[in-house]
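Presented below is the structure to which this report refers.
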Amino acid sequence: MQYMPRNLVWIFSKRYIAGKELSNAVTVTQKLNAQGVKATMDLLGEFQTNEEMVHYYKQEYIRLIEESAAKELDNSFSVKPTMFGLLLDEGKCHAHVRDIVVKAVSHGRFVRIDMEDTQCTDRELMLYKRLLEEFPGHVGIVLQAYLKRTMDDLKNLVAFDNGRGLINVRICKGIYNEPAEMAYKDRNEINDHYLLDLDFMLRNNVYPAIATHDKKLIRGAIHKIKTYNISRDKFEFQMLYGVTPELRKSIVEKGYTMRIYVPYGKDWFNYSTRRLKENPRMVTHIIKALFFRG
Ligand SMILES: Cc1cc2nc3c(=O)[nH]c(=O)nc-3n(C[C@H](O)[C@H](O)[C@H](O)COP(=O)(O)OP(=O)(O)OC[C@H]3O[C@@H](n4cnc5c(N)ncnc54)[C@H](O)[C@@H]3O)c2cc1C
């Protein structure tokens with residue numbers, strides 16, 4: 001996929017990305033809000049080593065928060081810490097992400113730390129805990145059901161919380177290519193663990209953001225929510241912009257909270273190729289277009 005011409009990949013990526021500009025993300029979020037759907041806005045970019053770029057990304061997040069507040073959007077923010085140099089200098093990264101959280105909190109908003117590959121897991125959990133201590137109720141983390149360590153991480157977070165009920169976890173399958181010693185590879189095994197993780201969260205006062213487009217998992221989640229009689233303000237569903245809009249609609253129609261991940265920005269290529277790889281039909285379309293266009 002990385003050898004595909006960028007122009008061609010862009011044609012197929014457009015459905016997954018609000019656009020290259022902040023104003024595009026605002027427009028998409030306004031449309032979602034009008035349908036009764038919340039958003040989490042994400043500025044695209046990761047693994048940054050250049051200080052000037054780090055500065056640019058931070059200013060862009062600050063602008064995004066101000067713009068969201070001014071336009072009274074119903075949204076939160078998602079941040080990838082490697083955009084702020086997590087793997088180079090954890091202290092500096094914490095300071096940058098903290099500045100973003102301070103700005104978000106000043107407008108009563110919520111920031112979620114996305115989870116990246118396994119080089120980042122411990123560091124991102126540590127960053128989350130530090131921010132949670134300072135900004136309780138305003139930060140969340142992501143855990144990946146494909147990782148064998150995830151149940152231990154959940155137990156650790158619950159112990160850290162010590163009964164305060166502040167832990168907020170987006171549970172997803174996981175998107176990175178991890179070694180078999182660390183990650184389940186079998187689809188059914190990942191699904192089983194997803195539901196075990198969710199079960200643990202529901203029983204231990206952790207707010208779950210149930211991030212999936214998998215109908216079986218959504219059915220399983222709703223079954224658990226009903227079994228444990230969990231009230232609707234104690235969890236939410238999340239999906240990616242451009243993926244399974246009909247399924248999204250059916251969940252919204254049931255009256256559940258739905259939040260859509262709305263990515264935007266000039267660094268769209270890596271995110272897009274991950275989405276296109278998840279959708280095998282797209283790869284066929286791209287290859288056809290390579291031959292038929294012009
Ligand atoms: C809101 C949100 C935030 C996320 N944050 C993270 C994160 O921080 N870290 C991380 O590692 N991963 C993250 N992910 C990605 C996640 O880990 C999965 O890779 C992704 O959601 C696909 O898994 P699935 O549960 O939808 O199941 P799948 O089995 O992959 O998909 C189920 C069905 O959904 C449809 N579908 C899924 N993807 C596509 C697509 N791209 N195009 C078209 N149809 C598709 C297909 O019909 C498929 O059969 C996030 C996902 C969501 C929804």
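The values are calculated or read from the model by the stated rules, or taken from the named source; none is laboratory data. Computed from a predicted model, the values in this text were never measured in an experiment. Cβ coordinates were reconstructed from backbone atoms using ideal geometry, including for glycine residues, and neighbour counts include every protein chain displayed.
Could you list, in sequence order, the residues of the range 27-51 that are farther than 22 Å from Val101 by Cβ and either in a loop (DSSP other than H, G, I, E, B) or in contact (Cβ under 8 Å) with a residue 24 or more places away in the chain (or both)?
Restricting attention to the range 27-51, the residues satisfying the condition of being farther than 22 Å from Val101 by Cβ are 27-28, 30-37, 49-50.
Within the range 27-51, Val28, Gln30, Leu32, Asn33, Gln35, Gly36, Val37, Thr49, Asn50 meet the criteria.
Going residue by residue through the range 204-216, is there one that turns out to be assigned to a helix (DSSP H, G or I) and more than 10 Å from the ligand (Cβ to nearest atom)? Talk me through it step by step, then tell me what you get.
Applying the first criterion (assigned to a helix (DSSP H, G or I)) to the range 204-216 yields 215-216.
Now narrow it down to the ones that are more than 10 Å from the ligand (Cβ to nearest atom): none.
No, the range 204-216 contains no residue that is assigned to a helix (DSSP H, G or I) and more than 10 Å from the ligand (Cβ to nearest atom).
Let me confirm something: among Glu236, Glu246, Glu253, which residue is loosely packed, with under 15 Cβ neighbours inside 10 Å and within 12 Å of the ligand (Cβ to nearest atom)?
Working: Glu236 fails: loosely packed, with under 15 Cβ neighbours inside 10 Å; Glu253 fails: within 12 Å of the ligand (Cβ to nearest atom).
Exactly one of Glu236, Glu246, Glu253 is loosely packed, with under 15 Cβ neighbours inside 10 Å and within 12 Å of the ligand (Cβ to nearest atom), namely Glu246.
Against the conditions (1) of a type in the set (Val, Ile, Thr); (2) assigned to a helix (DSSP H, G or I); (3) within 12 Å of the ligand (Cβ to nearest atom), where does Ile222 fall short? Just the number, please.
(3)
Name every residue in the range 158-180 that is away from the ligand (no atom under 16 Å from the Cβ), surrounded by 12 or more Cβ atoms within 10 Å (Cβ to Cβ) and on the phi > 0 side of the Ramachandran plot, in order of residue number.
Gly165 - this is the single residue of the range 158-180 that is away from the ligand (no atom under 16 Å from the Cβ), surrounded by 12 or more Cβ atoms within 10 Å (Cβ to Cβ) and on the phi > 0 side of the Ramachandran plot.
Can you name the condition, by its number, that Arg281 falls short on among (1) exposed (fewer than 14 other Cβ atoms within 10 Å of the Cβ); (2) at pLDDT 95 or above; (3) within 15 Å of the ligand (Cβ to nearest atom)?
Here Arg281 meets the rest and fails (2).
In this structure, does Gly265 turn out to be within 12 Å of the ligand (Cβ to nearest atom), touching a residue at least 24 places away in the same chain (Cβ under 8 Å) and at positive phi?
Values: within 12 Å of the ligand (Cβ to nearest atom): no; touching a residue at least 24 places away in the same chain (Cβ under 8 Å): yes; at positive phi: yes.
It is false that Gly265 is within 12 Å of the ligand (Cβ to nearest atom), touching a residue at least 24 places away in the same chain (Cβ under 8 Å) and at positive phi.
Return the total of residues in the range 1-26 being crowded, with 16+ Cβ neighbours inside 10 Å and either part of a loop (DSSP other than H, G, I, E, B) or at pLDDT 85 or above (or both).
Quick first cut of the range 1-26, residues crowded, with 16+ Cβ neighbours inside 10 Å only: 4, 9, 12-13, 16-19, 22, 25-26.
Now restrict to residues that are either part of a loop (DSSP other than H, G, I, E, B) or at pLDDT 85 or above (or both): 4, 16-19, 22, 25-26.
Qualifying residue count for the region: 8.
Report yes if Val252 is in a loop (DSSP other than H, G, I, E, B) and either more than 23 Å from Ala34 (Cβ to Cβ) or of a type outside the set (Lys, Arg) (or both), otherwise no.
On the way: in a loop (DSSP other than H, G, I, E, B): no; either more than 23 Å from Ala34 (Cβ to Cβ) or of a type outside the set (Lys, Arg) (or both): yes.
Considered against the rule, which asks whether it is in a loop (DSSP other than H, G, I, E, B) and either more than 23 Å from Ala34 (Cβ to Cβ) or of a type outside the set (Lys, Arg) (or both), Val252 comes out as no.
This table checks each residue for (1) within 13 Å of the ligand (Cβ to nearest atom); (2) assigned to a loop (DSSP other than H, G, I, E, B).
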site	(1), (2)
Met53	no, no
Glu60	no, no
Glu72	no, yes
Ser76	yes, no
Ala104	no, no
Arg123	no, no
Leu127	no, no
Asn156	no, no
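Taking the options Glu60, Glu72, name whichever one is free of Cβ contacts under 8 Å to residues at least 12 places away in the same chain and among the acidic types (Asp, Glu).
Details: Glu60 fails: free of Cβ contacts under 8 Å to residues at least 12 places away in the same chain.
Only one candidate qualifies: Glu72.
State all residues of the range 212-233 that are buried (at least 20 other Cβ atoms within 10 Å of the Cβ) and in contact (Cβ under 8 Å) with a residue 40 or more places away in the chain; if no residue qualifies, say none.
Within the range 212-233, Thr212 is the sole residue that qualifies.
Within the set of pairs 6+ apart or on separate chains, which have a first residue in the range 240-258 that is over 21 Å from Lys277 (Cβ atoms), a second that is within 14 Å of the ligand (Cβ to nearest atom) and not hydrophobic (A, V, I, L, M, F, W, C), and C-beta atoms under 8 Å apart?
That search, which allows pairs on different chains as well, returns Tyr256/Glu236; Thr257/Lys38; Thr257/Glu236; Met258/Lys38; Met258/Glu236; Met258/Gln238; Met258/Arg248.
Select from the range 82-114 the residues that are small (Gly, Ala, Ser) and surrounded by fewer than 16 Cβ atoms within 10 Å (Cβ to Cβ) and list them in ascending order.
Pass one, the range 82-114, residues small (Gly, Ala, Ser): 85, 91, 95, 104, 106, 108.
Passing the criteria: Gly91, Ala95, Ser106, Gly108.
Only residues that are within 21 Å of Leu44 (Cβ to Cβ) and part of a helix (DSSP H, G or I): list them for the range 80-91, please.
Of the residues in the range 80-91, the ones within 21 Å of Leu44 (Cβ to Cβ) are 80-88.
Result: Pro81, Thr82, Met83, Phe84.
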